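Notes follow once the structure below has been shown.
The values are calculated or read from the model by the stated rules, or taken from the named source; none is laboratory data. Note that the structure is a prediction, hence the values are computed from the model and not measured. Note: ideal-geometry Cβ built from the backbone for every residue, glycine included; neighbour counts use all protein chains shown.
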Amino acid sequence: MQDDAYNWISVRAHEIWLSEGCPTGRDKEHWLQAVAEREKQPLGLSPPKDHVERVLVVDDEPLIRFATVEALEDAGFEVLEAGNADEALVVLQNNEVDAVFTDVNMPGTTDGLGLMAKVRARSPHTRVIVTSGHVRLGAFDLASGVSFMPKPYAHGALVAMLKAPVP
């Protein structure tokens, strides 16, 4: 578990460094800020499990989101929902999830790919599935361990993906 904390802090310190324009000579400051953030919160993303129980669905199109939530609940998952990545980050502050299913194109300060990066940086064991009807993403476009499902998707395919053994 200490390796997970070290990795989280390292990734977060790098994010801080990037967000500040890659300044030199402030590595210790960024590292200490990341340590403080880590101590203040577990982000609400769960440690590794052998299966998925709780899923966060993130989509700005309410009808698509509602239908997906209903299909996942019917399949036995506990489901949380958010209308964009900003809302999702708030949900993740207060709830543990095993998987995040997010659309790419959404309004707000970040999109689904930004959410994907934040989830993977903070909880590399959380399963992430990205979807879009506007872009097609390949393995090189996604963080390690992230899957892509093009829209329109069959709810059964999403359920099967979430029920597949966690790698």
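So, of the residues in the range 121-145 that are at pLDDT 85 or above and touching a Leu at 6+ places or on another chain (Cβ under 9 Å), which turns out to be surrounded by the fewest Cβ atoms within 10 Å (Cβ to Cβ)? It comes out as ILE129.
Taking (1) under 16 Å from the mean Cα position of the chain (by Cα); (2) surrounded by fewer than 20 Cβ atoms within 10 Å (Cβ to Cβ) in turn, ILE64 satisfies each apart from (1). Within the range 37-49, identify whether any single residue is loosely packed, with under 13 Cβ neighbours inside 10 Å, modelled with pLDDT of 80 or more and not basic (Lys, Arg), and answer yes or no. No; the residues of the range 37-49 include none that is loosely packed, with under 13 Cβ neighbours inside 10 Å, modelled with pLDDT of 80 or more and not basic (Lys, Arg). For the range 146-167, enumerate the residues that are part of a loop (DSSP other than H, G, I, E, B) and either at pLDDT below 90 or in contact with a His (Cβ under 9 Å, 6 or more places away or on another chain) (or both). Within the range 146-167, LYS151, ALA164, PRO165, VAL166, PRO167 meet the criteria. The set of residues in the range 83-106 being crowded, with 20+ Cβ neighbours inside 10 Å and outside any strand (DSSP E or B) consists of ASN84, ALA85, ALA88, LEU89, LEU92, ASP98, VAL104, MET106. Of all the residues that make up the range 50-82, how many are outside any helix (DSSP H, G or I), touching a helix residue (DSSP H, G or I) at 6+ places or on another chain (Cβ under 7 Å) and within 22 Å of ASP111 (Cβ to Cβ)? Matching residues across the range 50-82 total 9.
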